[in-house]
Each structure stands twice: as structure tokens, then as C-alpha cells.
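For reference, the structure is listed below as C-alpha cells.
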Amino acid sequence: MKYSNLYYLKNLNENQRKSVINLDGPCLIIAGAGSGKTKVLTTRVAHIIKERKAWPNQILCVTFTNKAAQEMQIRVSKLLYKQATAIPWLGTFHSICAKILRKHATAVNLNSNFTIIDRDDQLRLIKNICKAENIDIKKLSPKFVIAIIDQWKNKGLFPNNVIIKKGEILEKGILKVYKIYQEKILALNACDFGNLILHCVSIFENKQDILNIYSNNFKYILVDEYQDTNFIQSKWLNLLANKHKNICCVGDDDQSIYSWRGAEIKNFLNFDKIYKNSKKIKLEQNYRSTQNILSTASGLISKNLGRLGKKLWTDGEDGELVKLSCYKNGKDEAINISDKIEKKLKKKFSYNNIAILVRAIFQTREFEERFLKIGIGYRIVGGTKFYERAEIKDLVAYLRIIFQKKDDLAFERIVNTPKRSVGDTTIKQISDYARKHRLCLEDASLKMIEMNEIKPKAKIGLLKILNLVAKWRKNLLSKKHVELMQIILDESGYSEMLKNKKDIESEGRLENIKEFLRGMREFENLENFLEHVALATSIDEDWKGEKINLMTIHAAKGLEFDIIFLPGWEEGLFPHQKSLEEKGDTALEEERRLAYVGITRAKKQAYISFSMNRFYQGDWMESLASRFIEELPKENVEQDSMTENRIDDFDFNQDIFYKEEIRSPGWLRLQKKLNEKK
């Protein structure tokens, strides 16, 4: 074989090798859980460069998280023994779109120094629009408005492309807000995450010369986690791949669990329709889990109809059977699981290698209380992210307004933080004046002070912060961004505000600020740092010390642990009743994929459990074992007598589980019907 002597191919199995060396034309790599997809992707990039098929800057490599992009960059460098420079076009969809958009911002009426706003900024902007338009935010939640706008953007729809059907009164009101919102963020010289991709696609569709620059340049395109792409991301890729057609997408249709974020599994399932004459390669050999775990997961997911099909296997040991248990209630479940960990598992496994994965975050409460009571350390993975903490958002807002004076959202956040007697009434007056005269808030404030239209006390505070911002902008020309941030902390009174409070929370915030300053030093200038903050999709959790990991199954995707506990496998909870009511069988298949993801996080042992009663939303509810339990292959699962008796109490094969008219009214009606049948 031509490539058999290449050192970086020697540790690959046959299908992994095929995935690496088949470079020409469209290719879909169906990579099962733990089958080495990152290894394949990075080796493929290295092979393209090593074989001189393209220069590093002619390769586009798209991921969903910055963490994944960084890991790929490191692995490629190691494979090439640092013979190649960094891959400049390796990053997330949003970071790459931001990079393209900065170069061609004028094509969509933006300036190249546009601000990237986050969800909190969006929320405040929507609230302001609703107030100005006399829309009652109690009746039309701003969060719901953002969710609908995001859906439209994921489908590639600007306001003038949205079609409202007859009778959709709510959507009609949201469309009005969407139009004003788009006009406003354009006036602010800003982009939200959805606009980054939407604007890029708009440029590519309307400016053929710009599209040609990138489609000609990118000889090879590689996409990670392709099953998680939405319509507009798929369209963006299609436009870029149209010239050379060397697009390789890697993913797992059985791990598509983000439809609520706009992910469309049909992009994956219809790959060969989107890209003609495409190749499909399956990676089914698993390097993570024992065969019993893999067989359990494969048996369960085989019940799904919307999949391309594969069966995971390993040449490792069969391992222990998957354990299935039934408990009296949620508290009993938490006690028994904690006892199992403390009396049996901790002798062989580190707490860091044990995880409890729940379907809904409320399930963690009983485990947290139990662990606190018996003194077991735990961490909640997927809690408040670093850059979403209030004090960090405040500091970022200070930097944003210095970098770009049109950033009204940043101005609103810092103008009275710390308190400067510039209250909501004053801010509303400034906002009204700014809107009337088409000015940014900073310019409107200066004009109103000049005209003596601000009350004396508020005027003093407002003038003080405006003068400081002007001074800091001058400082930016001569001082490093880290030094400037330290000056801002002192002169704004922010550090003093926290020090004067002298409580545990403020001490924690001061520690976070120290970490923030340390993080800033890793970037060469303010622009790069602000872009990093805006685009950050994941922050490292606290992994120090021996702690059990508590998280949702969604948060666990991409992670692996020696021991996995999967509690709460009950009808209404898993599969989740709300999902079933909203999307029916489509949701059921996604819930099953979620169960598959949960099981395949386990390397050595997996424990599934359900309870007979659960305290939910202020009331005790009798529970029914999840339909997924009956779908588990019996030869790979071990259950105790109590569990067997509980499962035998009702018939999983009754039509009642699957009839729409029974399922839709809710969980309680399902219980009632089953009890009647008994």
C-alpha cells in the first residue's frame, strides 16, 4: 500500500486509515462513541500537509468548541513534529465567521471593529425595545423572543425573509421586535452569534468575488461533530465547499442531542444528497468501553429509525454487566448510590473518575444533600461559567466601551456600576434622547450635560464616568491592556466597592478578578482578548481534588469516566414528558440518543436506576420505569429481584406507551391508564 510506511498511520485501524488517506471528494465519517474521531481528524489534517496537498492556510477545520480546536491544533503539531505552522483557519463556526466578517464588514454595513454581544446583552436590548414599543414583557417574555429570533437565524432568515402564517399573532409581534432589533444592533456596530454566520452567508450569496476568495483558497474542509450543525451552518459549509468539493464531515448520528439549539440531524442523514458521489466510512471499533456497555448502548439505539446504522465493538474485555436497580424514591436512590460509591467503588476508583448523569438538573439536589451529609466531595459540571459571572461581565463592559464608543449595551452596564447616582430614570432620559437624535448613549449623555438637561446629582456622576472613559481611551494608546484594566479597577471604584463589602461573596469576586487579570495576559492586545471572551464556548471546570462529578447528560457529551450512574430512568422524566408533548416521535428518538450518550460515557461500569416515587414540583408522584429500560438487551443487563418485580407490574408492550392521544395530555394520565389496566 502506498501509505503503509507513514509513521502517523501505523497506530490506526483499517477504517481509521481509510478515513485519513481518502482525501479527494466529499466524505462522511460515521464515528461511533469512543472510536477515535479526533485522532482521525487530526491525522487527516497532518496527512494533507505532509503529502503537500495543501498549505496550512488552505485547510478549513471547523469545530463546535474552542477547547476542541485547541486540542486539534496541539495534536496536529505533534504529528508533524512541529514541521508546520499553526492552522490559521482552525476554530469554531463563530470564530471563523467573525474572522471573515472583520475583513468584509462593510459589505453588510458594519465597521471592522464591531462588538460581539452575548445573551445577556441581547436580553437587555430586547427589553429596551419592548419598553419603547409598549410591549408587555410579562405577556411576551424577552427570553422567548430571543429563542424565536435564534430559530429564525438558525434557518437563515433575516426579518424580511420570515413568513408569518395566518393566525400566528404571537410570531407577528416577535417579527416586529426582530426588525427593530436588527436595525439597533447594526446601529450599535454589533453582532450577536447568529448574525456572525448569517452575515457571512449573506456576503457569500451576494458578493461572488468574496465567496471566490475563500472557496478557491480552502482546498480541504474538515468538520467535527457534523450531526450538531443547523441549516445556516450547513449552507455556509456548502457555499465554501462548492469549488473543490473536498469536504470531510465527522460525527455520530446517534449522538445528535441538540435539536433545541437548532441542530438538524437531517444534515447528517442526507449528506449524500447534499454532496453527490460522497464516500461513507464507519468507525465502529470502540477504544473506551467494555463490550457489555457497548452492547447495551447499541441494543437501545437500534430502536431508532432515523439513523444510518452501526454497531460498536471492542477487542477488549466483556467487562461487568450493566447494573439496573429500582429504589423507593429519589432520596433512597441517592443514599444507595452514595453507599455504593463509598463502600465499594472508592477502593478501586478515584472520585474524579465517577460521574452521576441526570436528565434534568433538579435531580442533583438530593445527591448534593447526601454528599454534604456524609462528607463526599462533589462538583457540579456545567455551572455558571467564568465569563458569565456578574463581576467579570462588568469588567468586560468597561473594556468594551473603551474599545468602541457605540457599544450602548456596555455603557448601560457600567454607567452606574459602582453607584454614581445615575439611576434608571436618567438612563431612560438619555436613551430616549439618543433614539430621537440617532446618537449613541455616550454622545447623547455629553449633549444632554452640555444642554443642562440632567439633574445635578446625576450630572456629577455621569460627568465623572464620561471623563474617566475618555481618559482610559487615551491610556489604551500607551499602556498594555492588563495595566489599563488595573487602572480601571482603581479609578472606577470597582475594587473599593468589593473590598468595602467585606463578605464571603465579595472575597470570591475579588479572587475572580485576579484570575481575570491573569487570563488577560495570555492575549497580545485588547481586541484579541475581547474577541476571545465573546467567542468562548467552554471554560475549564474545577477539576482539583477528589470529587464526584454531577452533571446533566447533555453536559457530559464528549466526556468519559470509569464509572457512570444514570438515575431517574422514569416515564415523564426520561424520556422527558415536555419533549414528547412538543415533538412526539422525533423527540422520543432524540431522548433515546441521549440515553445512548449517557451509557457510552462509561469505560468500565454503568449503573442505571429508577425510583417508585419522586418528589417533583412540590408533590410526590408515583413513577413508572422508563420504556427505555425494556429496550435494554437483557443478556447485557443485571437486575435485582426488587427491580424485576417492579418491572413485572406492568406491560411495556401495551400500545398505551406509544399512542399520541395518551401521551400528549401528560404523565399523570399515563399513570392513571396503567393503573386502570391493572
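Using only Cα atoms, locate the centre of the stretch 31-66 and the centre of the stretch 231-262, then give the distance between them in Å, rounded to an integer.
About 15 Å separates the Cα centre of the stretch 31-66 from the one of the stretch 231-262.
Please compute the modelled spin-label separation between K464 and F144, points set 7 Å along Cα→Cβ, answer in nm with one decimal.
4.2 nm
Given a cut-off of under 8 Å on Cα pairs at least six residues apart, what relative contact order in percent is computed for the stretch 333-439?
15 percent
As an exercise, use a Förster radius of 60 Å and the Cβ-Cβ distance of K348 and K419 to find the FRET efficiency, rounded to the nearest 0.05. Each step should come with its number before you reach the end.
Values: r = 55 Å, r/R0 = 0.92.
FRET efficiency, K348 to K419: 0.60.
Considering only protein heavy atoms, what is the solvent-accessible area of H554 at a probe of 1.4 Å, reported in Å² to the nearest 10?
H554 exposes around 40 Å² with every protein chain in place.
Mind listing which trypsin sites (Lys or Arg not before Pro) in the stretch 401-442 are in a DSSP loop and have 12 or fewer other Cβ atoms within 10 Å?
K419, R438
5 Å is the cut-off here: which amide hydrogens, built 1.01 Å from N in the peptide plane, fall below it relative to S325, excluding neighbours closer than 5 in sequence?
I608, S609, F610
Express in Å², to the nearest 10, the accessible area of L439 obtained by rolling a 1.4 Å probe over the protein heavy atoms while all chains stay in place.
For L439, solvent-accessible area is about 60 Å².
In nm, give the distance between the simple-model label positions of E581 and F523, each being 7 Å from the Cα along the Cα-to-Cβ direction.
For the pair E581/F523, the computed spacing is 4.3 nm.
Could you tell me which of the pairs K10/K50; K279/K603; K37/K348; K37/K311; K405/K464; K50/K273 are separated by over 20 angstrom between their Cα atoms in the structure shown?
Working: K10/K50 15 Å; K279/K603 31 Å; K37/K348 29 Å; K37/K311 16 Å; K405/K464 16 Å; K50/K273 31 Å.
Going by Cα-Cα distance, K279/K603; K37/K348; K50/K273 fall outside the 20 Å limit.
In degrees between 0 and 90, to the nearest 10, how far off the longest principal axis of the chain does helix 231-241 point, with axes built from Cα atoms?
80 degrees
What are the residues whose amide H is under 5 Å from the amide H of V223, where those residues sit 5 or more places off or on another chain and H is modelled from the backbone?
It is V62, C248, C249, V250, by chain and number.
Of K447/K501; K155/K280; K67/K514, which sit over 31 Å apart, Cα to Cα?
K447/K501
Using only alpha carbon pairs under 8 Å that are at least six residues apart, calculate the relative contact order of the stretch 277-402 and give it in whole percent.
After rounding, I find 19 percent.
Classify the stretch 1-100 as rounded, prolate or oblate, taking a ≥ b ≥ c as the square roots of the eigenvalues of its Cα gyration tensor: rounded when a/c is under 1.5, otherwise prolate if a/b is larger than b/c and oblate if not.
The shape class here is prolate.
Compute the length gained on full extension between R365 and N329: take 0.36 nm times their separation in residues and subtract their Cα-Cα distance, giving the result in nm to one decimal.
Result: 11.6 nm gained on full extension.
Looking at the stretch 208-284, which trypsin sites (Lys or Arg not before Pro) are DSSP coil and have at most 15 other C-beta atoms within 10 Å of their C-beta? Don't jump to the answer; show the numbers that get you there.
On the way: sites: K219, K235, K243, K245, R261, K266, K273, K276, K279, K280, K282; in loops: K219, K243, K245, K276.
Passing both the DSSP loop test and the Cβ count: K243, K245, K276.
Suppose the chain between E507 and N160 were pulled fully straight at 0.36 nm per residue; how much longer would it get relative to their current alpha carbon spacing?
Full extension from E507 to N160 adds 120.0 nm.
Could you tell me the relative contact order of the chain? Use alpha-carbon pairs under 8 Å, at least six residues apart, and round to a whole percent.
18 percent
As I understand it, the value is the acute angle between the Cα axis of helix 577-599 and the longest principal axis of the Cα atoms of the chain; what does it come to in degrees, rounded to 10?
Orientation of helix 577-599: about 70 degrees from the principal axis.
How large is ³J(HN,Hα), in whole Hz, for each residue of the stretch 547-561 in order, when computed from phi with the Karplus curve 6.51 cos²θ - 1.76 cosθ + 1.60 and θ = phi - 60°, using x for Gly and Pro?
Karplus-based 3J(HN,Hα) across the stretch 547-561 equals 9, 6, 9, 10, 6, 7, 5, 4, 6, 7, 4, x, 9, 8, 9 Hz.
Compare W236, W260 by solvent-accessible area with a 1.4 Å probe and give them largest first, with all protein chains kept in place.
The ranking, largest first, comes out as W260, W236.
Pairs K243/K303; K103/K459; K172/K245; K39/K393; K131/K455; K138/K419: which are spaced more than 30 Å apart, C-alpha to C-alpha?
Over 30 Å Cα-Cα: K243/K303; K103/K459; K172/K245; K39/K393.
How large is the helix-only mean residue ellipticity at 222 nm for the chain, computed as the sum of -39500 (n - 2.57) over DSSP H runs with n ≥ 4, divided by its residue count, in deg cm²/dmol to the nearest 500?
Values: 30 runs with 341 residues, N = 678.
Taking each H run of at least 4 residues, the total per residue is -15500 deg cm²/dmol.
Nearest 20 debye, what's the magnitude of the dipole of the stretch 68-146 about its Cα centre given +1 on Lys and Arg Cβ and -1 on Asp and Glu Cβ?
140 debye
What is the log10 of I(q)/I(0) for the chain, computed with the Debye formula using one identical point scatterer on each Cα and no solvent, at q = 0.09, 0.10 Å⁻¹?
-0.92, -1.12
Would you grab the residues whose amide H sits under 5 Å from the one on Y378? Only those 5+ places off in sequence or on another chain, please, with H modelled 1.01 Å from N.
Result for Y378 returns I548.
The values are calculated or read from the model by the stated rules, or taken from the named source; none is laboratory data. Here the structure is a predicted model, which is why all the values come from computation and not from measurement. As a convention, Cβ positions derive from the backbone with ideal geometry for all residues, glycine included, and neighbour counts pool all protein chains shown. We work out accessible area using only protein heavy atoms, side chains counted, and drop any ligands, DNA or RNA first. Shrake-Rupley method; radii C 1.70, N 1.55, O 1.52, S 1.80 Å.
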